[in-house]
Amino acid sequence: MLFFNKKTTIAASGILQGAADHHSHILPGVDDGVETMDEALRILAAYEELGIKELWLTPHIMEDIPNTPDRLKARFAELKKAYTGNIVLHLAAEYMIDNNLRKLLDTEIDKDSPSFGRGTSNTCDAEGDKTTEPQEEISLINNCPSCVRGASNAVAEGDSPLLPIGNNGKHLLVETSYYNPPIKFHETLKQIKSMGYYPLLAHPERYMYMDEAEYRRLREEGVKFQLNLASLAGGYGKIVKKKALWLLEKGFYDVAGSDLHCEDTVEYIISCRIGEKEVVKVGKLLGKHL
């Protein structure tokens, strides 16, 4: 006898009612995501209609997009002032595992020393990582000139150079190149954990260099995983879909997110069709709060 996994759209499934989106690029004008305040407000209005209750804004921080906490907090304050809806908004960041992150981690460790704020590091590689090639997105990529102007990594004394995710501030959302592991990958994850954070790996299903053994190793090392919703519907291709289904079946995911970059992909994501067997599991992920 054949057993069929009947499919339904994400919108029709009802799993977005009361959901928490743990990954988005809706904070306007700071990275390759949403460009304008008006677009951000329209997306938030659409999210309200879908029943989403909590949203983490996670702009990129990497060598190619050297955002700083001060810049992102200022823009976040502007968004909160302009938004009058009921979704609970939070600010965090998505960190590429590269030399920039290692400098920030070293700054966090050394912030009580006289050299705090100088942006120096004794552990980074002189030539830098080759891990910041343009990332393939299902959304339209529109690079805002203001987000790559080369902001300083220096931090005022007493402030943290990091923007963690989660209500307890104990998780750090990180990513890597889709095709190659970063230099000192596991060493950097270990350093993050030694500082009291849980590494939360964004969309692990999208990393072509990772296999089942690597996923198991990361889970054993205490790394948490965040699912991109569109991955389950083949939004990034068949290989990514297969890996996402395997990770979901193994119970390796901890939370889920849209990874939304622009208004045009709201409709695409909610119209993605996923199997009813997956709906229950994804619904639980969307209901989780770090």
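Only the coordinates and a few stated rules stand behind these numbers; no lab work does. What you see is a predicted model, and the numbers here were worked out from it, not measured in a lab. Cβ placement follows ideal geometry from the backbone for every residue including glycine, while neighbour counts extend to all protein chains displayed.
If you stretched the chain out fully between K193 and K6, how much longer would it get, using 0.36 nm times the residue separation minus the C-alpha to C-alpha distance?
Working: separation 187, 0.36 × 187 = 67.32 nm, distance 4.04 nm.
Residue separation times 0.36 nm, minus the Cα-Cα distance, leaves 63.3 nm.
Would you please classify the overall shape of the range 1-94 from the alpha carbon gyration tensor, given that a ≥ b ≥ c denote the square roots of the eigenvalues, rounded means a/c under 1.5, and beyond that prolate means a/b larger than b/c while oblate covers the rest? Walk me through the numbers before you get to the answer.
On the way: a/c = 2.81, a/b = 1.74, b/c = 1.61.
It is prolate, given that a/c is not under 1.5 and a/b is the larger ratio.
Is there a pair in K6/K53; K184/K241; K7/K80; K81/K224; K193/K243 whose C-alpha atoms are over 30 Å apart, and which pairs would that be?
On the way: K6/K53 27 Å; K184/K241 28 Å; K7/K80 37 Å; K81/K224 32 Å; K193/K243 26 Å.
Too far apart for the 30 Å limit: K7/K80; K81/K224.
Quick one: in the range 174-268, what % of C-alpha pairs are over 22 Å apart? Don't skip to the answer; put the middle values down first.
Working: 1211 of 4465 pairs.
Considering the range 174-268, 27 percent of its Cα-Cα pairs are separated by more than 22 Å.
Ranking request for peptides 248-261, 7-20: highest mean number of other beta-carbon atoms within 10 Å first, then the rest in descending order.
Values: 248-261: 21.3, 7-20: 17.9.
Output ranking for 248-261, 7-20: 248-261, 7-20.
For a quick protection proxy, order the peptides 238-244, 62-68 by their average other-Cβ count within 10 Å, most packed first. Don't skip to the end; give the middle numbers.
Details: 238-244: 17.3, 62-68: 19.1.
Peptide ranking by packing, descending: 62-68, 238-244.
Sort 211-222, 264-275 for me by packing, meaning the mean count of neighbouring Cβ atoms within 10 Å per residue, highest on top. Let's see the in-between values first.
Numbers: 211-222: 13.4, 264-275: 16.7.
Going from most to least packed, we get 264-275, 211-222.
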